[in-house]
Amino acid sequence: YEVFEQRLMALAGVHELLARDSWSRTSIEEVIRRAVLMCSADCFELEGPSVLVEPRTVAALAMTLYELCTNAGKYGALSVPEGRVRIAWHVERASERHAAVTLVW
């Protein structure tokens, strides 16, 4: 029940972001910050340029990050008191009109 409730809260936070931005594009940094809020948010280092993410991508990205955060807390860097997680992203231009964001956990 507790794990399910945490997932619902993470998803609710994402929907709050989307609603605040009128269901338009949202900052990737805000999505990341919201997704790791359920973990020890002060254990994260974020680095990357300002990027806006389409609404259809926001929920999937947030839930993926939430799952990574959960796993880091159980088995990885966040399972020890001194643990840290660095999340970095950069933009790769595929063409003049299209770009891809690479996110490194």
Positions within segment 15-33 being modelled with pLDDT of 70 or more and closer than 21 Å to TRP105 by Cβ, in sequence order: THR26, SER27, ILE28, GLU29, GLU30, VAL31, ILE32, ARG33
Of residues in segment 35-46 being closer than 14 Å to ALA62 by Cβ and open to solvent by 60 Å² or more (accessible area, probe 1.4 Å), the one modelled with the highest pLDDT: LEU37
Under 6 Å by Cβ, and 6 or more places apart or on different chains, what pairs join a residue from segment 52-67 that is open to solvent by 60 Å² or more (accessible area, probe 1.4 Å) with one that is of a type outside the set (S, T, N, Q)? LEU52/ARG25; GLU54/ARG25
Count of segment 73-92 residues which are part of a strand (DSSP E or B) and either of a type in the set (Val, Ile, Thr) or modelled with pLDDT of 90 or more (or both): 7
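The values are calculated or read from the model by the stated rules, or taken from the named source; none is laboratory data. Computed from a predicted structure; not experimentally measured. Cβ coordinates were reconstructed from backbone atoms using ideal geometry, including for glycine residues, and neighbour counts include every protein chain displayed. Accessible surface is based on the protein model in full, side chains and every heavy atom, while ligands, DNA and RNA are left aside. Shrake-Rupley method; radii C 1.70, N 1.55, O 1.52, S 1.80 Å.
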